[in-house]
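The values are calculated or read from the model by the stated rules, or taken from the named source; none is laboratory data. Treat the numbers as computed from the prediction; the structure is a model and nothing was measured. Here the Cβ is made from the backbone with ideal geometry for all residues, glycine too, and neighbour counts use every protein chain on show.
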Amino acid sequence: MINKIKFTKMHGASNDYIYIDTTKYPIADPEKKAIKWSKFHTGIGSDGIILIGSSDKADFSMRIFNADGSEAMMCGNGSRCIGKYVYDNGLTDKTEITLETLAGIKILKLHLKNGEVNTVTVDMGKPEIEGELNLKDQPVGWDDNMEQKSTKVSMGNPHLVTFVDDIKKINLTEVGPKIEHLPVFPDRTNTEFAQVIGKDKIRMRVWERGSGITLACGTGACATEVAAFANNKVGRKSEIIMDGGSVEVEWDKETGHILMTGDAVTVFTGEIIDEI
């Protein structure tokens with residue numbers, strides 16, 4: 001049996017996913033579809049697929065599958081794009097919506113321009129600082145002259161943030177997969193390398209578990225702000241500059257929640273054949 005599935009390609013800070021409204025187009029075997037459709041030469045090309053669904057706990061639900069088929073707990077950039085998708089496609093007229101994720105319910109505040117969503121602020125909830133890891137003791141081929149203590153942060157998914165003096169010297173292709181699969185991370189980890197380049201301004205690169213090098217990572221940006229503030233490198237609000245764009249991340253003092261604001265962009269829409 002062959003079905004035609006309508007999809008929308010979207011990105012936040014160049015972190016791109018394939019978005020599908022599963023209330024109209026149910027997806028069987030999303031793990032396999034994520035692998036197939038995410039390929040750039042034979043599929044649509046993306047960092048993965050995001051399925052938008054109904055929820056009995058929130059306005060909408062989200063499931064995210066990485067390009068390798070693994071399911072992620074949360075995606076900050078992806079959740080912003082869901083806010084744009086549901087508003088611009090007339091699924092809601094609210095500018096503040098709730099989103100059910102595997103990392104809990106998130107609140108999205110939609111900012112409009114010319115009647116369409118331009119940017120979105122996501123309440124990412126409270127982070128958890130899980131302690132330090134000395135990468136010098138780990139087999140990752142590290143340069144002994146570089147700072148090697150890293151901060152473990154959970155944003156509903158695991159992150160390891162390492163601050164360096166020169167981010168250009170990091171061979172992310174080499175060290176990213178090694179850190180992702182360290183024995184101390186039984187569920188693997190996302191890996192961020194960061195450099196403070198100005199007052200409350202951080203340059204960050206990311207290796208995402210299940211996807212590899214991506215141009216941006218919303219939860220990674222939030223984890224970077226948390227680690228930077230915890231280590232007295234920045235204040236409570238910073239601009240996190242990634243390969244594909246930047247976001248503003250604030251660690252709210254009163255609530256303890258992380259607020260992330262960034263763009264949400266529709267790239268194109270189309271149909272893909274789903275063979276079942």
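So, in the stretch 257-276, of the ones that are assigned to a loop (DSSP other than H, G, I, E, B) and within 20 Å of the chain's Cα centre (by Cα), which residue ends up nearest to residue 2 (Cα to Cα)? Spell out how you get there, then give the answer.
As a first pass, look at the stretch 257-276 and keep what is assigned to a loop (DSSP other than H, G, I, E, B): 257, 264, 276.
Narrowing the set further to residues that are within 20 Å of the chain's Cα centre (by Cα) leaves 257, 264.
On the way: 257: 45, 264: 31 Å.
Among them, the one singled out is 264.
Is at least one residue of the stretch 252-264 of a type in the set (S, T, N, Q), surrounded by fewer than 17 Cβ atoms within 10 Å (Cβ to Cβ) and touching a His at 6+ places or on another chain (Cβ under 9 Å)? Yes, some residue in the stretch 252-264 is of a type in the set (S, T, N, Q), surrounded by fewer than 17 Cβ atoms within 10 Å (Cβ to Cβ) and touching a His at 6+ places or on another chain (Cβ under 9 Å).
Quick one: count up the residues across the stretch 46-57 that are buried (at least 18 other Cβ atoms within 10 Å of the Cβ) and either without any contact (Cβ under 8 Å) to a residue 60 or more places away in the chain or acidic (Asp, Glu) (or both).
Looking only at the stretch 46-57, we keep the residues that are buried (at least 18 other Cβ atoms within 10 Å of the Cβ), and these are 46-52.
Then drop every residue that is not either without any contact (Cβ under 8 Å) to a residue 60 or more places away in the chain or acidic (Asp, Glu) (or both), which leaves 46-47, 49-52.
So the answer is 6.
Considering the stretch 190-218, the residues that are among the hydroxyl-bearing types (Ser, Thr, Tyr) and at pLDDT below 95 include one that is surrounded by the most Cβ atoms within 10 Å (Cβ to Cβ), namely 214. Filtered by the rule that a residue be out of contact with any helix residue (DSSP H, G or I) (no Cβ under 9 Å at 6 or more places or on another chain) and assigned to a loop (DSSP other than H, G, I, E, B), the stretch 201-220 gives a lone residue, 215.
Taking the condition of a type in the set (A, V, I, L, M), surrounded by 23 or more Cβ atoms within 10 Å (Cβ to Cβ) and without any contact (Cβ under 8 Å) to a residue 60 or more places away in the chain, does residue 102 pass? First the steps, then the outcome.
Details: of a type in the set (A, V, I, L, M): yes; surrounded by 23 or more Cβ atoms within 10 Å (Cβ to Cβ): no; without any contact (Cβ under 8 Å) to a residue 60 or more places away in the chain: yes.
Criteria not met by residue 102.
Among the residues that make up the stretch 111-124, is at least one of them in the same structural domain as residue 53 (by TED's automatic domain parsing), surrounded by fewer than 16 Cβ atoms within 10 Å (Cβ to Cβ) and touching a helix residue (DSSP H, G or I) at 6+ places or on another chain (Cβ under 7 Å)? Yes, that holds for at least one residue. Could we say that residue 218 is on the phi < 0 side of the Ramachandran plot, assigned by TED's automatic domain parsing to the domain that holds residue 250 and in contact (Cβ under 8 Å) with a residue 60 or more places away in the chain here? When the stated conditions are applied, residue 218 passes them.
Out of the stretch 161-178, which residues are in contact with a strand residue (DSSP E or B) (Cβ under 8 Å, 6 or more places away or on another chain) and either loosely packed, with under 13 Cβ neighbours inside 10 Å or farther than 20 Å from residue 243 by Cα (or both)? Hits for the stretch 161-178 are 165, 166, 173. If we scan the stretch 24-35, do we find a residue that is within 21 Å of the chain's Cα centre (by Cα), assigned by TED's automatic domain parsing to the domain that holds residue 96 and closer than 21 Å to residue 222 by Cβ? Scanning the stretch 24-35 turns up no residue that is within 21 Å of the chain's Cα centre (by Cα), assigned by TED's automatic domain parsing to the domain that holds residue 96 and closer than 21 Å to residue 222 by Cβ.
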